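The values are calculated or read from the model by the stated rules, or taken from the named source; none is laboratory data. The shown structure was predicted, so the numbers you read here are calculated from the model rather than taken from an experiment. Glycine also receives a Cβ, built like all others from the backbone with ideal geometry; neighbour counts cover every protein chain displayed.
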2 protein chains.
Amino acid sequence: MTKTAAIIGGGVIGGGWLARFLLNGWNVNVFDPDPEAERKIGEVLANARRVLPMLYDVALPAEGILTFCDTLEEAVKSAAWVQESVPERLDIKHKVFAQIEAFAPHDAVIGSSTSGFKPSELQVGMNRPDAVMVTHPFNPVYLLPLIEVVPSPITSADAVAKAKEILTSLGMYPLHVRKEIDAHIADRFLEAVWREGLWLIKDGIATTDEIDDAIRYGFGLRWAQMGLFETYRIAGGEAGMKHFIDQFGPCLQWPWTKLMDVPELTDELVAMIADQSDAQSGHLTIRELEQKRDNNLVAMMRALRSQDSAAGALINAHQSSIKQTVTPDFSKPIQSAERMVPVSWTDYNGHMNESRYAEVFSLAVDHVMVQIGADADYIASGFSYFTVDLSCQYIAEAHAGQMITVQSQIILGEGKKLKVHHRMFAEDGTLLATSDHFMLHVSLKTRRTCDPEPEVMERLVAAARAHAALPDPREKRS
Amino acid sequence: MTKTAAIIGGGVIGGGWLARFLLNGWNVNVFDPDPEAERKIGEVLANARRVLPMLYDVALPAEGILTFCDTLEEAVKSAAWVQESVPERLDIKHKVFAQIEAFAPHDAVIGSSTSGFKPSELQVGMNRPDAVMVTHPFNPVYLLPLIEVVPSPITSADAVAKAKEILTSLGMYPLHVRKEIDAHIADRFLEAVWREGLWLIKDGIATTDEIDDAIRYGFGLRWAQMGLFETYRIAGGEAGMKHFIDQFGPCLQWPWTKLMDVPELTDELVAMIADQSDAQSGHLTIRELEQKRDNNLVAMMRALRSQDSAAGALINAHQSSIKQTVTPDFSKPIQSAERMVPVSWTDYNGHMNESRYAEVFSLAVDHVMVQIGADADYIASGFSYFTVDLSCQYIAEAHAGQMITVQSQIILGEGKKLKVHHRMFAEDGTLLATSDHFMLHVSLKTRRTCDPEPEVMERLVAAARAHAALPDPREKRS
C-alpha cells in the first residue's frame, strides 16, 4: 500500500488529520485554496509534534513528507486515503467529491470529516460512491482516538475494513456506526448537553464557568474512562442494569428538563439495554468494575496533579492543607515521607516499580529541603538543589495500597554540597529500601552551582552537625 | 467545632459521605435501620480506604471513630454536619428532617443528598429550615470532588459558608448553585445524555458498548479536564466564544435529535455566554488553552496506560505495533530507548524529575531483558529480574519535549546476576546521565532468586561475552 494521504481542506480538523498521518510515517499531500492554509496547518502541526509523541515510550516512525499542492488533482492522484474537511455545506462537498473521484486511485479510501451529514447524502451524484464514508474525528484530532466510521448502505464493506485497519495503525479508534443517522452518535450527545447548557445560562441558573466545574469535577472524570452505561451498571449494583433502569428510569418523566420527549421504557427496551450491558461488562462483577473505575480515577486524578489542573489542582490544595508544618527537629532523623503506594505505581512484576522508589526518595529530599529552609518561596527566589547522584538499594517488595514511611538523615551539609541517606519502611517496620542522594545547590537563573543563601546555609550546617551526632544508618547495611 | 458527622441513610451514597468524613479525621455516627446497612457501608468504606489515600503524597489524618447508632437522635445529637441520604421520596425525607431538627445541635449544617428535589421542598414544615440545603454528591463519593451546594432562599448564608468550608477541608469541591432548580445542574446534563442514549438504543443505532466507546475515546477525555464551554472556546479560536456560537449555533435547529425545544440565540444570550466565557478563560490565549488542554490529555492518557484501560489500552496496543522487533546484535551496545520526555515528567526545577530518569533506565533494562529472551512470555511463565541496586548520575538537564536515547551495555551476565550500564543522550549527542543497574533473576512464584531458564542463560552469557569485548563505557567518566 502506498502510504500517502491527501488532506482536502486544512484548518483545525484537516490539520489534525494531517498530523496523525504525518507523525505515523505517512506522506501527506494537502490541498486548500485558503492563502492562510499553510500557516493554520503549521500551527496545528506544531501542537501535534509537541504532544503526540509524549503519549508513547518509544519513538514514533520517522515523519513522512509534507507537500502543499496547487490542485486537488495533484493532492489525491497517488493517495491511499483522501480526507475531506471542507466547510459543512452539501453543495461544496458535492463539488469536492466529484473532483476526488475523478482523480483519486480507484482503491483509495475516501473519508469525510462531516459532523452532520449522512454518507448517503455525500454520495449523491457520484459515479463510484462505494469508497466514500464518513470518518468523523474529535478535536484535538492529533490526541483523541475516536473516529466515527459511518458507511452508507452502498459503501463497500472492503473500503470500511480497509479504513478501520488504517485508522488503527494511526493509533485511532474506529467506531463503526452501523446505521447512518444525522450527526452520527457522539455529536448527538454533545448537542443534547449544549442545548441544556444554553437553557441553564439563559435562565440564570449557572454560568459557563459553573457548568464547566459541574462537568470536570464530576461526571467528566467518570466518562474519560468508562462511558455512560458501564458507569450506571455499577450504580445498579449486583442486581444489574435492569435494576438500575427500574430504579432511575421514572425520573425521566419528572419535570427536570425543558424537553420532554422520552422513549417509553417498554419491557422490550429495558431487556435490550440490559442484554447489551451484560455483553459489554458482564464478564466483570460489580466489585471488579468498581475497582477498575477507582483505579482509573486515581491514575487520572494523580496525572492531573502533575499539571496542577482541574481535579488535580484541588488535590494539590487539599494536600497542602493536610501537610502539617513541622518545626524542624534535627535531634533525630527527619520523617520525610508517610504515604500510600498508588495503583498506578506498580509494574509487570506485581510490585512498586523501581523508579517509584526513586520518586518517593525525591519527594523525601524535597521535605528535607523544606526543613533547612529551601522551600517553595526560596525556590521562587531563584535557588534550588539539583541531584547529581542518586542510588537506591532495593531490599523488600512494596505493593499498591501499602503505607510506607521514609527516615532521612543528612550525611553532609557543607557549602554547595548536600548528602542525604534515606531508609524506607513498611508499616510493620520492615526495611524496604535505602537510598543515597547527593545534591548540589544551584542558581536557577544560571543553572550553575553556588553557595546557598545565608539563612539556608545556617540551617543546613546546624542540621548537618546535629545529624552527624546520630548513629550512621549506613553502617547497618554492611 | 466538634468534628462529628452524622450519616442518615447508608448505602452507596451515604457510605461514600461517611468515608470522606472518616478518612479526613472526623468521627462519624451512622443511623440506618436497614439490617444490611453495616455490611453495605463496610463495602463502600473498604473501597474508599483502598483508593482515597492514593490520591495524595502524604498520609491522610488519622481516621475518626465510626459508630453505628440505634436511633437517629443518638446519631445527630453531637453532630456538626448531618447528611441525609434516604430514599428519594418527599414524605420519607420530611419525616427524617423533622427528627433531625428535633435532635441536632442548632448550629449543625444539614445537607441532603437528593438528586432531584429542591431545598425549599425539603424545608416544608420545618421549624428551623435555615440550616438545610442540598449537598448533592457524585459516585464514587469518596473520589469525585463535586458537591452541588444548593440553598433555598431561606437557607442562611452562614450555613452555606460553613458548609463550603467543611467540604473544602474534606478535599471536595462545593459548587454553589445560586438558584434552586429541579435536579440542580449536573444531573440535568446526565439526564439529557441518558435520554439521547435511550433513543439511540431503541432505534438500533448503537449498543451500550458503542455509546460508551463514543464517550470515553472522545469528549469524555475532554470533559475530565475542561468542561463544555472552555473546550468550545478553543474551537472558536482567537475570534472567541461569540464566533463559535455564530458558527455552530444554527446546527441546533437542524433535525439532529428527537427533541427540538431550543432557546433562541438572541444577541443578548450570545453576549451573555461570550462575557461569561471571557470571565472564565479570557486570561489565557487560545494557544495557551490548547496547550493546557493537550498537556492534561497527555498526562491523563498516559495515566490510563498504567491501568491498560480505556484510551490507555489503545495507546499500549499502538505502541506494540510501532516497536520493531530487532534481531539482537550484541556486537555493539544495545539502543534500549528512544523517546520523548512527556510534560508530566517535569518538576519545580523546570526539568525532568530525577525519578523519571530512573523510569527511563527501568524501561531500558526491560528492553535489554527482551533482547536476552526474558520477554513478556518468559515473565508470564513465572520468571523475571528484580533490581537490587540502581544508581543514576545526573550530568545535564533534560526537558519536556526533548527526544532522548539510551545505550545499554551488559557489564556482567553470570548465573543469577545481571549488571547493565546505561548512557542517556540528547539528540545532539550530549550525555545527559548514566546509570548502573544490578539485577537478580527471580522466580515470580517464590519471589526468591534462581538461575535463569537455559534459553535465557545461553543468550545472557553470549551477550555478556560480546559486550565484554567492547570498550568499558564507565571508564570515560572518571
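Brief remarks follow.
- Considered as a group, the residues in the range A:263-275 that are at the interface with another protein chain (Cβ under 7 Å from one of its Cβ atoms) and within 34 Å of the chain's Cα centre (by Cα) include one that is surrounded by the most Cβ atoms within 10 Å (Cβ to Cβ), and that residue is A:273.
- Residue match in the range A:359-371 (condition: assigned to a strand (DSSP E or B), at the interface with chain B (Cβ under 9 Å from one of its Cβ atoms) and surrounded by fewer than 20 Cβ atoms within 10 Å (Cβ to Cβ)): no
- Taking the range A:137-196 as the range and being within 9 Å of chain B (Cβ to nearest Cβ), over 24 Å from residue B:197 (Cβ atoms) and not hydroxyl-bearing (Ser, Thr, Tyr) as the test, the residues that pass are A:140, A:143, A:170, A:171.
- Residue B:248 falls short on exactly one of the conditions (1) at pLDDT below 90; (2) surrounded by fewer than 21 Cβ atoms within 10 Å (Cβ to Cβ); (3) within 19 Å of residue B:311 (Cα to Cα), and that condition is (3).
- Of the candidates B:103, B:117, the single residue that is aromatic (Phe, Trp, Tyr) and modelled with pLDDT of 95 or more is B:103.
- Qualifying residue in the range A:136-149 (condition: in the same structural domain as residue A:17 (by TED's automatic domain parsing), under 17 Å from residue A:182 (Cβ atoms) and not charged (D, E, K, R)): yes
- Scanning the range A:372-384 for residues that are out of contact with any strand residue (DSSP E or B) (no Cβ under 8 Å at 6 or more places or on another chain) and of a type in the set (A, V, I, L, M), we see that the one that is farthest from the other protein chains (Cβ to nearest Cβ) is A:380.
- Residues (among the hydroxyl-bearing types (Ser, Thr, Tyr) and part of a helix (DSSP H, G or I)) located in the range A:197-234: A:208, A:217, A:231, A:232
- Residue in the range A:235-245 that is under 26 Å from residue B:228 (Cα atoms), at the interface with chain B (Cβ under 8 Å from one of its Cβ atoms) and either in a helix (DSSP H, G or I) or at pLDDT below 80 (or both) present: yes
- Flag if residue A:340 is at the interface with chain B (Cβ under 8 Å from one of its Cβ atoms), crowded, with 20+ Cβ neighbours inside 10 Å and touching a residue at least 60 places away in the same chain (Cβ under 8 Å): yes
- Filtered by the rule that a residue be hydrophobic (A, V, I, L, M, F, W, C) and either in contact (Cβ under 8 Å) with a residue 60 or more places away in the chain or more than 11 Å from every other protein chain (Cβ to nearest Cβ) (or both), the range B:387-409 gives B:398, B:403, B:404, B:406.
- Subset of the range B:431-470 [buried (at least 18 other Cβ atoms within 10 Å of the Cβ), among the hydrophobic types (A, V, I, L, M, F, W, C) and away from chain A (no Cβ under 14 Å)]: B:456, B:457, B:460, B:463, B:464
- Checklist (1) assigned by TED's automatic domain parsing to the domain that holds residue B:468; (2) of a type in the set (A, V, I, L, M); (3) on the phi > 0 side of the Ramachandran plot applied to residue B:310, failing item: (1)
- Filter pass, residue B:395 being assigned by TED's automatic domain parsing to the domain that holds residue B:356 and buried (at least 16 other Cβ atoms within 10 Å of the Cβ): no
- Number of the condition not met by residue A:157 [criteria: (1) touching a helix residue (DSSP H, G or I) at 6+ places or on another chain (Cβ under 9 Å); (2) assigned by TED's automatic domain parsing to the domain that holds residue A:139]: (1)
- Check on residue B:334, of a type outside the set (D, E, K, R), more than 29 Å from residue A:447 (Cα to Cα), buried (at least 16 other Cβ atoms within 10 Å of the Cβ) and facing another protein chain (nearest Cβ under 8 Å): no
- Qualifying positions in the range A:218-228 - crowded, with 24+ Cβ neighbours inside 10 Å and within 7 Å of another protein chain (Cβ to nearest Cβ): A:218, A:219, A:220, A:221, A:223, A:224, A:225, A:226, A:227
- Some residue of the range A:286-307 being exposed (fewer than 15 other Cβ atoms within 10 Å of the Cβ), farther than 27 Å from residue B:348 by Cβ, in contact (Cβ under 8 Å) with a residue 12 or more places away in the chain and not hydroxyl-bearing (Ser, Thr, Tyr): no
- Filter pass, residue A:57 being free of Cβ contacts under 8 Å to residues at least 40 places away in the same chain and touching a Leu at 6+ places or on another chain (Cβ under 8 Å): yes
- Verdict on residue A:428 being more than 8 Å from chain B (Cβ to nearest Cβ) and charged (D, E, K, R): yes
- Flag if residue A:24 is within 14 Å of chain B (Cβ to nearest Cβ), in contact with a helix residue (DSSP H, G or I) (Cβ under 8 Å, 6 or more places away or on another chain) and either polar (S, T, N, Q) or more than 18 Å from residue B:298 (Cβ to Cβ) (or both): yes
- Considering the conditions (1) touching a Phe, Trp or Tyr at 6+ places or on another chain (Cβ under 9 Å); (2) surrounded by fewer than 16 Cβ atoms within 10 Å (Cβ to Cβ); (3) of a type in the set (D, E, K, R), residue B:278 is excluded by exactly one of them, (1).
- When residues of the range A:134-164 are limited to those that are touching a Gly at 6+ places or on another chain (Cβ under 8 Å) and hydroxyl-bearing (Ser, Thr, Tyr), the one farthest from residue B:225 (Cα to Cα): A:135
- Restricted to strands (runs of 3 or more DSSP E) entirely inside the range A:64-152, those with at least 1 residues that are under 35 Å from the mean Cα position of the chain (by Cα) and surrounded by 24 or more Cβ atoms within 10 Å (Cβ to Cβ) are A:81-84, A:109-112, A:132-136, A:146-150.
- Residues in the range A:343-355 that are more than 7 Å from chain B (Cβ to nearest Cβ) and touching a residue at least 24 places away in the same chain (Cβ under 8 Å): A:345, A:346, A:350, A:351, A:352.
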